[in-house]
Every structure is written in structure tokens, then in C-alpha cells.
Amino acid sequence: MKKNLEIIVVCIAVGFLMGQFMFNQYHKEEKTIPTIATPETESNLYFLQQGVYSSLDSMKQNLVDFEYYTYIEQDGKYYAFVAIIKSEENLEKLKGYFHDMGYDIYVKEFSVKSTAFLEVLNQYEQLLSGTNDSKTIQAACTQILAKYEELVIDDQN
């Protein structure tokens, strides 16, 4: 019994030392080489603003035609945004889309650091680049805003 206990203790000690050696070999910083390029961590995006309102109720009444929008409250005013985009080509397409609907759109530029959101936005950018269909544009704007709230605003809170 005593001999078996000695063998078990020696095996555990040797296993621990070997594990420590292997762990140290894989975690030396000077040997770490990135194999996948990381995407941008910050990007300036165009936010298409539909208007500025003095109250939340006023904003909601004026945006009943929009399926989805987001807003920020600053200095007692509510700034309503109906789309977010990165490329100037798609910016012009969206400005034309909203103009055709009869809305005056103002463009604001904000910096966004969420890598997850920027990856999603890049996918929607490709979709928007290849379409002129108004239902597809509306659906893409809705999804982009929803993802912005999920991945950026909710993560900040």
C-alpha cells in the first residue's frame, strides 16, 4: 500500500512538472505570431439623422412612418437616426432613398469602436452596394440599427 502511494505521488509530481514545461513553451510572447489579421478596432461611420426634437413624444409622433430608428438624448434634445453606413457610395444611395420618401436627411459622423458591429456593417454594406430595391434598403437599414443597439449601445450599458 505504501509503495503504491509513493508511485502515485511521483507520477503526479512528474505530470505536474511536464505540464508546467509544456505550458511555458506555448505561452512565450516572443514566439507568438498572429496568423489572422484583426479587423479595424475603430471606424468613422455616417449616421443619417432625420431630425432633432424637443421632446420624446414629439419625436415618436414624427417618426411613425419609420419601421425602426434610434436616437440619442443630448442637452434636452432628441436626435433621431434612421440609418448608419460606412461607405460614401452607400451614403449617397441612402440619402437618395430617404429623399425619394420625402425626408430631409442630415449626415453626422461618429466614431464606433465595436469590432463585432463593424463586421456586421461590412456585410450589410455589400448587400446595399448590390441593390436598388427599396424594400431591401429598408430592411438593411432596420437590421443595421438593430445590430447597432445590440452590439454597441447595450454593450456600453
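The values are calculated or read from the model by the stated rules, or taken from the named source; none is laboratory data. Since the model is a prediction, treat every value here as computed from it, not as a measurement. Positions of Cβ are backbone-derived with ideal geometry, glycine not excepted, and every protein chain shown enters the neighbour counts. Heads up: the accessible areas ignore ligands, DNA and RNA and are worked out on the full protein's heavy atoms, side chains in. Shrake-Rupley method; radii C 1.70, N 1.55, O 1.52, S 1.80 Å.
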Other residues with Cβ under 13 Å from the Cβ of residue 53 give, with Lys and Arg +1 and Asp and Glu -1, a net charge of -1
Quick one: which residues, 5+ away or cross-chain, put their amide H under 5 Å from the amide H of residue 87? H built at 1.01 Å from N. none
Per 0.36 nm of contour for each residue apart, how much would the distance between residue 104 and residue 68 grow if the chain were fully extended, relative to their Cα-Cα spacing? 11.3 nm
Cα-based shape type of region 75-157, given that a ≥ b ≥ c are square roots of the gyration tensor eigenvalues and the cut on a/c is 1.5: oblate
Before rounding to the nearest 500, sum -39500 (n - 2.57) across all DSSP H runs of length at least 4 in the chain and divide by the residue total; then give [θ] at 222 nm in deg cm²/dmol. -15500 deg cm²/dmol
Using modelled backbone amide H atoms (1.01 Å from N, in-plane), which distant-in-sequence or interchain residues come within less than 5 Å of residue 71's amide H? 81
How high is the relative contact order of region 50-157? Use alpha-carbon pairs under 8 Å, at least six apart in sequence, and give a whole percent. 29 percent
Would you kindly derive the ³J(HN,Hα) couplings of region 81-95 from the backbone phi angles with the Karplus curve 6.51 cos²θ - 1.76 cosθ + 1.60 (θ = phi - 60°), listing them in order in whole Hz, with x for Gly and Pro? 10, 10, 6, 9, 8, 10, 8, 5, 4, 6, 4, 5, 5, 6, 4
Per residue, what volume in Å³ does the Cα convex hull of the chain take up? 224 Å³
Given labels modelled 7 Å from the Cα in the Cβ direction, how far is it in nm from residue 24 to residue 150? 4.6 nm
Diffing region 134-146: the Karplus 3J(HN,Hα) column from phi (6.51, -1.76, 1.60, θ = phi - 60°), in whole Hz with x for Gly and Pro, holds 5, 5, 5, 5, 4, 5, 5, 4, 4, 5, 4, 5, 5
Give a residue-ordered list of calculated ³J(HN,Hα) values for region 102-111 (Karplus: 6.51 cos²θ - 1.76 cosθ + 1.60, θ = phi - 60°; whole Hz; x for Gly, Pro). x, 10, 8, 10, 10, 9, 10, 10, 10, 9
Using a 1.4 Å probe and counting only protein heavy atoms, arrange 82, 120 so the residue with the most accessible area comes first. 120, 82
